[in-house]
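Only one structure is covered here, and it is reproduced in the block below.
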Amino acid sequence: MLSPLMRPFGLDPPARLSYLSASTIIEAASRTGAQAIHPGYGFLSESSEFAQLCEDEGFIFIGPPASAIRDMGDKSASKRIMGAAGVPLVPGYHGDEQDIDLMKLEADRIGYPVLIKPTHGGGGKGMRIVQSPNDFADAFVGAQREAAASFGINTILLEKYITKPRHIEVQPNISNDFRSHLGKAAVSAAKAVGYHNAGTVEFIVDTLTGEFYFMEMNTRLQVEHPVTEMIVGQDLVEWQIRVANGEPLPVSQSDVPLSGHAFEARIYAENVPKGFLPATGILHHYRPVQVSSEVRVETGVEQGDTVSMHYDPMIAKLVVWGEDRTGALIKMKDCLSKFQVAGLPTNIDFLLKLSNHGAFENGEVETHFIDLHKDDLFIDPNDQLSKQQVYNAAIHGAAIAAACVCEKEHAITKEGTPGKLSLWYANPPFRVNYSAKRTMELEWEDESSKGSSKFVPVHITCLAKGKYLIEVGGSSFPDLKLNVVHLRDHDFRVEHGGVSMTVSIAVYQKDQMEHIHIWHGSSHHHFKQRKGLDLADIDESYQKPAPEASSHPPGTVVAPMAGLVVKVLVQDGAKVVEGQPILVLEAMKMEHVVKAPSAGCISGLRVSAGQQVSDGTVLFAVKLIESFYQHRHFLLHYDTSYITLEQDE
């Protein structure tokens, strides 16, 4: 039962009608007799209108003055204020005039590449890097549209893009002198707008020159504030409340301790192989790592919850502390390997791979780190050795998963059967002159082959209580003799060749498939099997089903994620070139442009602006009309009705 002081309000989409509804929050505060309102660190925390509304309605806003939010929230105005205060600035255009022709001229003056940024908001939404004048118009219009959708204001500023930047607040791994310069610049920025309460001044550092520039100020509690709290041993939210109550800070700057090192990893619902697109779905299995004084998990979800397209994709924040960077990173790797999520794609495996990269371990980090090391972080589809290693690891995971699933089923059968002494419920099942056998046909998605699936037939022979012989068909993988003990719930102890490991298994039903996830060591694998294909006593003549052919004709384009169609850029029947933007999808406050996969004619455009689509929904098709093949001095032109050959003059 909720406390009488707790007033929940609807969390039905869209966000502006639920948790971003200022009037609903004010009403709830009035009914509970609250004196102050803490806006968290979402969009309302940087809304000067909301801060002013709280003040007008007689509530203390736990944050900076509305005027400071307004000045710092307008990036153009803040740049002018910072320039006047002597804070270093990146060359750019921060004016009010937004005519696209003027903006093109300003971009030419600044010099390419340029960075297009909304004047309001943050989180990277609406930002575009433009490499050449030919790309400017589309990027500018797209940035305006995304800014309007996310922040309600579509004004834009331009900046010179620093090609080898480091986006920092006040980071570790910098000299005391550099830290002092950053701190003084941050204090100057805050004083220039009459700031008080929590806030974060962000800088960009040119790693080639060592120069730093003011980028923006987040006029709120930082999302990563737990990192600071772990290092200094203080509660920043408590400080916010005390400052809002008119109290001074409990310590001075010189007395702030700096102890150890902390990392934060954001656990996101996103599809890494699809370019980190946001993902939706049900959290069928959710088991965060165990918390301690050195491990912190901040989350707002639980098992069974749904991650929808209407809100943020962040599932949790994982924060760890260590005596030094090396110790903290070791702890982060261990925690990531134990953080279990099943039911939708996440970035956990990618974060683990990132934290294991040598350059990251050495602190060689910059904004373009992922692009710079993509060959190490992503599987090259042409690297047969790497693909084989990944496949071998998947086969090993499939073998262990099959044995654990069988052992779990034996345990369930025995626990749920009144006559536990019956021979029919023995482990293994009793049969005259016959060993208990079964086959599981597991489907594994090969991310290195654009999501293609591979079928892994796993033959299981139950030798004795908890002992299994595992044979994987269609591979040279050696047979395994495993001893499996079911420990509790999802956990097992598996022994092989004198080596013992702890294994976790999660099984759930989705889309007429049984999904099996296995975690062991630092590995995580996901398998599927069709209902009814997990059959006991299948003989060797059993034939695995052929992979399903695509039900869509060539040229069909489907939605890469669930989202809202915000704009359709062409009409049905229009001729397009390869890579041409066709429509724009929005999900979780981010835009994604869907482009033509090839040159041709748009055929069967099935969606319109304002329509919500699911992942995999057919959007349109591109029908081939004409191609040109040149051979020596002749051009071959063809379409579906004629073929001509003419000399190329």
Does H181 qualify as being under 26 Å from L115 (Cα atoms), over 26 Å from the mean Cα position of the chain (by Cα) and of a type outside the set (D, E)? yes
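Residues are listed down the side, and each one gets a yes or a no for (1) closer than 21 Å to A316 by Cα; (2) modelled with pLDDT under 90:
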| position | (1), (2) |
| --- | --- |
| L221 | yes, no |
| V237 | yes, no |
| A244 | no, no |
| S259 | no, no |
| A269 | yes, no |
| L277 | yes, yes |
| H284 | yes, no |
| E298 | yes, no |
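Conditions (1) of a type outside the set (D, E, K, R); (2) over 30 Å from the mean Cα position of the chain (by Cα); (3) farther than 30 Å from L236 by Cα, marked per residue:
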| site | (1), (2), (3) |
| --- | --- |
| P65 | yes, yes, no |
| I69 | yes, no, no |
| A77 | yes, yes, no |
| V90 | yes, no, yes |
| G95 | yes, yes, yes |
| L102 | yes, yes, yes |
| L115 | yes, no, yes |
| M127 | yes, no, no |
Inside segment 143-165, can you point out the residues that are under 22 Å from the mean Cα position of the chain (by Cα), of a type in the set (A, V, I, L, M) and either crowded, with 21+ Cβ neighbours inside 10 Å or in a strand (DSSP E or B) (or both)? A143, A147
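If you check H357 against the conditions, is it buried (at least 17 other Cβ atoms within 10 Å of the Cβ) and either of a type outside the set (K, R) or at pLDDT 70 or above (or both)? Lay out the reasoning, then the answer.
Numbers: buried (at least 17 other Cβ atoms within 10 Å of the Cβ): no; either of a type outside the set (K, R) or at pLDDT 70 or above (or both): yes.
Judged against the criteria, H357 is not a match.
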Tell me, yes or no, whether segment 296-309 has at least one residue that is part of a helix (DSSP H, G or I) and buried (at least 20 other Cβ atoms within 10 Å of the Cβ). no
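For (1) crowded, with 20+ Cβ neighbours inside 10 Å; (2) in contact (Cβ under 8 Å) with a residue 60 or more places away in the chain; (3) more than 18 Å from S188 (Cβ to Cβ); (4) not acidic (D, E), each residue gets a yes or a no:
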position	(1), (2), (3), (4)
A22	no, no, yes, yes
A36	no, yes, yes, yes
S45	yes, yes, yes, yes
A51	yes, no, yes, yes
G58	no, no, yes, yes
Unmet requirement for E229, which otherwise passes all of (1) assigned to a helix (DSSP H, G or I); (2) over 30 Å from D511 (Cα atoms); (3) in contact (Cβ under 8 Å) with a residue 24 or more places away in the chain; (4) not aromatic (F, W, Y): (3)
Can we say Q222 is over 28 Å from the mean Cα position of the chain (by Cα), part of a loop (DSSP other than H, G, I, E, B) and in contact (Cβ under 8 Å) with a residue 12 or more places away in the chain? no
So which of P133, P118 ends up being closer than 24 Å to K164 by Cα, surrounded by 21 or more Cβ atoms within 10 Å (Cβ to Cβ) and touching a Phe, Trp or Tyr at 6+ places or on another chain (Cβ under 8 Å)? P118
Looking only at segment 334-343, which residues are out of contact with any Pro (no Cβ under 8 Å at 6 or more places or on another chain) and buried (at least 21 other Cβ atoms within 10 Å of the Cβ)? C335, L336, V341, A342, G343
Residue, farthest from the chain's Cα centre (by Cα), within segment 261-290, restricted to residues that are in a loop (DSSP other than H, G, I, E, B) and not small (G, A, S): Q290
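Conditions (1) in contact with a helix residue (DSSP H, G or I) (Cβ under 9 Å, 6 or more places away or on another chain); (2) of a type outside the set (A, V, I, L, M, F, W, C); (3) modelled with pLDDT of 95 or more; (4) within 17 Å of R80 (Cα to Cα), marked per residue:
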| position | (1), (2), (3), (4) |
| --- | --- |
| D206 | no, yes, no, no |
| Y213 | no, yes, no, yes |
| H225 | yes, yes, no, no |
| T228 | yes, yes, no, no |
For segment 264-295, which positions are among the aromatic types (F, W, Y) and surrounded by fewer than 20 Cβ atoms within 10 Å (Cβ to Cβ)? F276
Within segment 320-329, is even one residue more than 22 Å from the chain's Cα centre (by Cα) and at pLDDT below 90? no
Can you tell me which residue within segment 213-241, out of those that are surrounded by fewer than 20 Cβ atoms within 10 Å (Cβ to Cβ), hydrophobic (A, V, I, L, M, F, W, C) and in contact with a strand residue (DSSP E or B) (Cβ under 9 Å, 6 or more places away or on another chain), is farthest from H120 (Cα to Cα)? I231
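Mind checking whether some residue in segment 342-363 is in contact with a Gly (Cβ under 7 Å, 6 or more places away or on another chain), in contact (Cβ under 8 Å) with a residue 40 or more places away in the chain and under 24 Å from H520 (Cα atoms)?
Keep residues of segment 342-363 that are in contact with a Gly (Cβ under 7 Å, 6 or more places away or on another chain), which gives 343-344.
Narrowing the set further to residues that are in contact (Cβ under 8 Å) with a residue 40 or more places away in the chain leaves 343-344.
From what is left, the residues that are under 24 Å from H520 (Cα atoms) are 343-344.
Yes.
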Quick one: how many residues across segment 8-40 are modelled with pLDDT under 95, outside any helix (DSSP H, G or I), touching a Ser or Thr at 6+ places or on another chain (Cβ under 9 Å) and not aliphatic (A, V, I, L, M)? 6
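Listed here are the residues, each with its yes/no results for (1) within 12 Å of E159 (Cβ to Cβ); (2) modelled with pLDDT of 95 or more; (3) assigned to a helix (DSSP H, G or I); (4) touching a Cys at 6+ places or on another chain (Cβ under 6 Å).
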{"residue": "S76", "(1), (2), (3), (4)": "yes, no, yes, no"}
{"residue": "R80", "(1), (2), (3), (4)": "no, no, yes, no"}
{"residue": "V87", "(1), (2), (3), (4)": "no, no, no, no"}
{"residue": "D96", "(1), (2), (3), (4)": "no, no, no, no"}
{"residue": "G124", "(1), (2), (3), (4)": "no, no, no, no"}
{"residue": "I129", "(1), (2), (3), (4)": "yes, no, no, no"}
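The values are calculated or read from the model by the stated rules, or taken from the named source; none is laboratory data. Predicted, not measured: the structure shown is a model, and the values here were computed from it. Cβ: placed from backbone, ideal geometry, glycine included. Neighbour counts: every protein chain shown.
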